[in-house]
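Report on one structure; see the data block that follows.
None of the figures in this text is laboratory data; all of them are computed from the coordinates on show. Being a predicted model, the structure only gives us computed values, none of them experimental. Neighbour counts are summed over all protein chains in view; Cβ atoms, including those assigned to glycine, are modelled from backbone coordinates with ideal geometry.
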Amino acid sequence: MERFMRELVYYVGVSIDGRIAGPGGEFDFYPEGEGAQFEAYRGWMLKTFPETVPTMIREAAGIADAPNESIDTLVMGLGTYQPALDIGVTSPYAHLRQYVVSSTLRESPDPAVTVVGGDPLGLVRSLKQEEGKDVWLCGGGKLAGAVWSEVDRLVIKSYPVVAGDGIPLVDGKFDPTRFAVTDRRMFDNGVVVSWFSRK
């Protein structure tokens, strides 16, 4: 009997020059538009990827009880987790199983978050063997580089802005990897969302 395999999905916003955040972890420079353009994009995002909205924002966004459509687990690095900790949020995605990969965070500040001190590849491979929905690689670039061989799909939100410096989409060794474009959607605010599957 064939066993269902979960996939590792790297869903992330990126600038024209391939930065997922600024040098200090900033991500508020992404232009999302205003008025009807913003609402159209926001509405589509909330409907298509409700799992990726932090728990503390879900009620205000009108999706407090939205089911997890395709993802039930996330893996992130400390750089991605730290902004939540800085504002006192220890479980930013309480509606998902949360794993933080860090060599410096010794113990989890929240029982809902599992801290993994090493071997992110082993963690991802183990999660992919479990039953359930897909696993979201939430960021950042160093973690993406460390688990790159296990990334099955990309969902890239390309924003019409050049960052100039910052955290790259993938911070790893030179390893050209081909992906097939499986879908693409353009929005009036200039954002292009592309789906890629590893060839």
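Annotation: the antiparallel percentage among DSSP beta bridges lying fully within the chain is about 40.
Across all Cα pairs in region 127-199, the calculated P(r) in 10 Å bins from zero up to the longest distance comes to 16, 43, 35, 6, 0 percent per bin. Summing +1 for each Lys or Arg and -1 for each Asp or Glu, what net charge is found among the other residues whose Cβ lies under 13 Å from the Cβ of Pro176? Charge balance near Pro176 sits at +3.
Centre-to-centre, using Cα atoms only, region 182-199 and region 143-157 are separated by 16 Å. Arranged from fewest to most other beta-carbon atoms within 10 Å of their beta carbon, Asp188, Asp152, Asp171 become Asp188, Asp171, Asp152. Pairs of alpha carbons in region 3-43 separated by more than 14 Å make up 63% of all such pairs. Under the combined filter of DSSP loop state and at most 12 neighbouring Cβ atoms within 10 Å, region 1-80 retains these GluC sites (Glu not before Pro): Glu2, Glu34, Glu59. What is the list of residues in region 126-169 whose amide nitrogen lies under 13 Å from a point 7 angstrom out from the Cα of Arg185, following Cα to Cβ? Within reach of a label on Arg185: 155-158. Using only Cα atoms, locate the centre of region 103-138 and the centre of region 30-99, then give the distance between them in Å, rounded to an integer. Value for the Cα centre distance between the two parts: 18 Å. Its Cα gyration tensor gives region 150-189 an equivalent ellipsoid. The semi-axes, each the square root of 5 times an eigenvalue, are 21, 18, 7 Å from largest down. Residues considered: Trp44, Trp136, Trp148. Largest GNM mean-square fluctuation over the chain, using C-alpha springs under 10 Å, is found at Trp44. Working from Cα pairs under 8 Å separated by at least six residues, relative contact order for the chain is 33 percent. Full extension of the chain segment joining Val192 with Thr55 gains 46.8 nm, where the gain is 0.36 nm per residue of separation less the Cα-Cα distance. For region 54-100, the C-alpha radius of gyration sits at 1.16 times the compact-globule guess of 2.2 N^0.38 Å, with N the residue count. Here each label is just a point 7 Å from Cα along the line to Cβ, and for Glu39 and Lys173 those points are 5.1 nm apart.
Size of the chain: Rg and Dmax of its alpha carbons, in Å, are 16.4, 51. Hydrodynamic analysis of region 1-92 uses the Kirkwood radius over alpha carbon pairs. Inserted into Stokes-Einstein at 20 °C and 1.002 mPa s, it gives a translational diffusion coefficient of 138 µm²/s. The fraction of Cα-Cα pairs per 5 angstrom bin, counted from 0 for region 68-174, comes to 2, 11, 22, 24, 21, 13, 6, 1, 0 percent, rounded to whole percents. Extension gain for Glu7 to Lys133 (0.36 nm times residue separation, less C-alpha to C-alpha distance): 44.6 nm. Among Thr52, Thr182, Thr114, the largest mean-square fluctuation in a Gaussian network model of the chain (Cα springs under 10 Å) belongs to Thr182.
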